[in-house]
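Trainee: Can you keep this structure in mind? I'll have questions shortly.
The values are calculated or read from the model by the stated rules, or taken from the named source; none is laboratory data. Everything numeric in this text was worked out from a predicted model, so none of it was measured. In this analysis, Cβ positions are derived from the backbone assuming ideal geometry, glycine residues included, and neighbour counts consider all displayed protein chains. Remember, those area values only see protein heavy atoms, side chains included, never the ligands or the DNA or RNA. Shrake-Rupley method; radii C 1.70, N 1.55, O 1.52, S 1.80 Å.
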Amino acid sequence: MAHADGLILGSGTRYGGMSAAMKAFLEQASPLWRSNALLGRPAGVMAVASTPHGGVEQATLGMMVQLMHLGMLIVPCGYATPLLQRAGSPYGAMAIAGGAVGRTLSEDDLAVAHYLGQQVAEVTLRLGPKQFQA
């Protein structure tokens, strides 16, 4: 993460929150927190659940809190695109996929993820490259 000018994290949901693997990944970033290595870098989040009400909003909010503790600037989707009336959320890209019925991502789900990527990339470019700290 220290070598990225911008970052988008994605997680599946587990019991209404981010996965244990994502939580462990973020907890291993404490050296970056101590050195402020990620301070001021833009970040976005996305999540997918296998069932409706599977915790995608809580997972994204949980990742945002972790990223804010690292000093990162959160770049949300907001409601600047009509896509957000059909898919995703103002927090980030979200979807329901997999599960017992094998649901796949919709074109709108993919378009919101692409939109989030564009937003994070634009903010990253506006802020300019950061000096990498190892």
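Trainee: Solvent-accessible area per residue for the chain at a 1.4 Å probe radius, Å²? Present the calculation step by step, with values, prior to reporting the outcome.
Mentor: Working: 7440 Å² over 134 residues.
Counting only protein heavy atoms, the per-residue value for the chain is 56 Å².
Trainee: A further question follows. Using only alpha carbon pairs under 8 Å that are at least six residues apart, calculate the relative contact order of the chain and give it in whole percent.
Mentor: Working: 247 pairs, mean separation 38.9, N = 134.
Result for the chain is 29 percent.
Trainee: Now, a different point. Per DSSP helix of 4 or more residues, -39500 (n - 2.57); summed, then divided by the residues of the chain. What does that give at 222 nm, rounded to the nearest 500? Display every interim value, and only then the final one.
Mentor: Details: 4 runs with 49 residues, N = 134.
One gets -11500 deg cm²/dmol as the mean residue ellipticity at 222 nm.
Trainee: While we're on this one: Which shape class applies to the chain: rounded if a/c is under 1.5, otherwise prolate when a/b exceeds b/c and oblate if not, where a ≥ b ≥ c are the square roots of the Cα gyration tensor eigenvalues? If you can, show how the numbers build up before the last one.
Mentor: Details: a/c = 2.51, a/b = 1.42, b/c = 1.77.
Because a/c hits 1.5 or more and a/b fails to exceed b/c, the chain counts as oblate.
Trainee: What is the sum of charges around R86, taking Lys and Arg as +1, Asp and Glu as -1, for the other residues whose C-beta is under 11 Å from the C-beta of R86? Don't jump to the answer; show the numbers that get you there.
Mentor: Working: positive: none; negative: E107, D108, D109.
My count for the surroundings of R86 gives -3.
Trainee: Only bridges whose two residues both fall in the chain count here: according to DSSP, what percent of them are antiparallel, nearest 5? All intermediate terms of the calculation are to be shown ahead of the outcome.
Mentor: On the way: 3 of 15 bridges.
In the chain, approximately 20 percent of DSSP beta bridges are antiparallel ones.
Trainee: So, with a 1.4 angstrom probe, what is the percent of accessible area on the chain that is carbon and sulfur? All intermediate terms of the calculation are to be shown ahead of the outcome.
Mentor: On the way: 4360 of 7440 Å².
After summing per-atom areas, the C and S share lands at 59 percent.
Trainee: On a full-extension model of 0.36 nm per residue, what is the gain between H53 and V101, subtracting their alpha-carbon distance, rounded to one decimal in nm? All intermediate terms of the calculation are to be shown ahead of the outcome.
Mentor: Values: separation 48, 0.36 × 48 = 17.28 nm, distance 1.55 nm.
Full-extension gain reported as 15.7 nm.
Trainee: Run the numbers for A24 and Y79: contour at 0.36 nm per residue of separation, minus the present Cα-Cα distance, in nm. Display every interim value, and only then the final one.
Mentor: Numbers: separation 55, 0.36 × 55 = 19.80 nm, distance 3.09 nm.
Once the chain is fully extended between A24 and Y79, it gains 16.7 nm.
Trainee: Using a Förster distance of 22 Å, how high is the FRET efficiency between M68 and S35, based on the Cβ-Cβ distance and rounded to 0.05?
Mentor: Numbers: r = 17 Å, r/R0 = 0.75.
Using R0 = 22 Å, I get an efficiency of 0.85.
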